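J.: Dumping the structure here so I can ask a few things about it.
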Amino acid sequence: MARITLKQVAATAGVSVQSVSHILNNLPDKPYKQDTRDRVFEAAKELGYRPNAAARSMVTKKTHHVGLIMPIKPDAWFSSVDSYETMMGFNSFLCERGYVCSVIPVKQFNEPGSESRIFREQLLDGVVVYGAANREIYERIEKSTDLCLWVDTDINRPTGCIQRDEQFNSYLAVSQLASLGYRKLIWLDYAEHTSHYSHDQRYAGFQKAVRQFDLAYEDIACSKPWLGHDPLKLKNKLAPDVAVITTRHQFALSLTHTMRHINMRPGYDFGLVALEKSHECDITWPGLSAVVTDRSKIGELAAKMFLEAVDNHRKLPDSVCIQGQWHAGETAWGPHVKTQSNKS
């Protein structure tokens, strides 16, 4: 059976071949009346038209296929909700524009020449790399494709990169706590973690702010994503004028549950702020005081930058550094709340 062509669909629908191409490829910047769209889709369905991706790519020099390379743990594929939200923002934006997104585990590049046929056969218009990896893997990825964007990685260049301004974010958190009247801060982070630009930046912003606002501070290192500390030892460190800054909302949740067992409440008996808060956490715990960076918007921005590069002969757009926003919440009211609570 002969393959139905765009020309036949156009003749049946009574429109130009170009209009059929625009409508069937759902190009958002090509507006058509709904009646015209309906006629084209009805004609394509009636004739049994199926697009030929191989033929289209020969004409447009595009495969409309993009790779998202990210760390994926075999025993916990989406253990990081933040990563999943970034991926969904990226995929949703590109899907609406006719792109197919393949999620590729970064482990494919652990050894030279270990990448899949998707790279050897040039099936992608390019890739977006997300998250932490070592420099050797970054280099192997870059050699495997003509277009590569870096999102939340240690790669920081004038073009083609998106990072979070974590130094600003932690400075913002400390400045807010100082203005609320807290006089001592506790920095709660992993004892050991994968090397990533965000860790050093956060602590640098924290150190800068505690010096500027003349605050006392103490570090507490956790070996797990939860506390694992004796609640009584923590209790002796906390007070109404002491606030805890956690690097992730998981720590904040763990601390809250731990302290509630000994009747200590965040926001009253001590302050609590997270430097990361996923959209999921925003729904389940809207009262958590935090510096918020919308990860789905980061994914959407990465998709926009990718399309811009594809349409501009693979010239990378300028890099972007995203600052978070303060979310006041209910876990850091200030020491005066405890005093008022006692009076009442």
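J.: Just one of F251, F270, F306 is of a type in the set (F, W, Y) and closer than 20 Å to Q201 by Cα; which is it?
T.: Step by step, each of F251, F270, F306 is checked, and only F251 is of a type in the set (F, W, Y) and closer than 20 Å to Q201 by Cα.
J.: Whether any residue in segment 156-164 is closer than 17 Å to V273 by Cβ and at pLDDT 95 or above is what I want to check.
T.: Looking for residues that are closer than 17 Å to V273 by Cβ and at pLDDT 95 or above, one finds at least one in segment 156-164, hence yes.
Each row is one residue, and each column tells you yes or no for (1) in contact (Cβ under 8 Å) with a residue 24 or more places away in the chain; (2) outside any loop (DSSP other than H, G, I, E, B); (3) among the basic types (K, R); (4) more than 16 Å from A178 (Cα to Cα).
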residue	(1), (2), (3), (4)
A252	yes, yes, no, yes
I262	yes, no, no, yes
I283	no, yes, no, yes
S296	yes, yes, no, yes
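J.: Would a scan of segment 310-332 turn up a residue that is assigned by TED's automatic domain parsing to the domain that holds N91 and assigned to a helix (DSSP H, G or I)?
T.: Within segment 310-332, one or more residues are assigned by TED's automatic domain parsing to the domain that holds N91 and assigned to a helix (DSSP H, G or I).
J.: Looking at D214, D189, which one is buried (at least 17 other Cβ atoms within 10 Å of the Cβ), acidic (D, E) and either in contact with a strand residue (DSSP E or B) (Cβ under 8 Å, 6 or more places away or on another chain) or not assigned by TED's automatic domain parsing to the domain that holds P71 (or both)?
T.: Of the residues listed, the single one that is buried (at least 17 other Cβ atoms within 10 Å of the Cβ), acidic (D, E) and either in contact with a strand residue (DSSP E or B) (Cβ under 8 Å, 6 or more places away or on another chain) or not assigned by TED's automatic domain parsing to the domain that holds P71 (or both) is D189.
J.: Taking segment 291-310, which residues are within 16 Å of V81 (Cα to Cα), among the small types (G, A, S) and surrounded by 24 or more Cβ atoms within 10 Å (Cβ to Cβ)?
T.: G299, the sole residue that qualifies.
J.: Also, I was wondering about something else. Just one of M58, M88 is part of a helix (DSSP H, G or I), at pLDDT 85 or above and either outside the structural domain of K304 (by TED's automatic domain parsing) or aliphatic (A, V, I, L, M) (or both); which is it?
T.: Details: M58 fails: at pLDDT 85 or above.
Just one listed residue meets the conditions, M88.
J.: Scan segment 261-277 and tell me whether some residue there is modelled with pLDDT under 95, within 30 Å of E96 (Cα to Cα) and buried (at least 23 other Cβ atoms within 10 Å of the Cβ).
T.: yes
J.: Do we have any residue at all in segment 193-200 that's in contact (Cβ under 8 Å) with a residue 12 or more places away in the chain, of a type in the set (D, E, K, R) and either outside the structural domain of L255 (by TED's automatic domain parsing) or surrounded by fewer than 18 Cβ atoms within 10 Å (Cβ to Cβ) (or both)?
T.: no
J.: Separate question: Return yes or no: is D318 surrounded by 13 or more Cβ atoms within 10 Å (Cβ to Cβ) and acidic (D, E)?
T.: Judged against the criteria, D318 is not a match.
J.: It is to be established whether one or more residues within segment 178-200 are part of a strand (DSSP E or B), within 28 Å of E308 (Cα to Cα) and under 25 Å from the mean Cα position of the chain (by Cα).
T.: no
J.: Let me confirm something: among L172, L94, which residue is more than 26 Å from A290 (Cα to Cα), at pLDDT 80 or above, touching a Phe, Trp or Tyr at 6+ places or on another chain (Cβ under 9 Å) and not in a loop (DSSP other than H, G, I, E, B)?
T.: From the options L172, L94, the qualifying one is L94.
J.: Hey, another quick one. Check S170, S179 and return the single one that is in contact with a Gly (Cβ under 9 Å, 6 or more places away or on another chain), surrounded by 19 or more Cβ atoms within 10 Å (Cβ to Cβ) and among the hydroxyl-bearing types (S, T, Y).
T.: Criteria check complete, one pass: S170.
The values are calculated or read from the model by the stated rules, or taken from the named source; none is laboratory data. What you are looking at is a predicted structure, and each value in this text was computed from that prediction instead of being measured. Cβ atoms come from the backbone with ideal geometry, glycine included; neighbour counts cover every protein chain shown.
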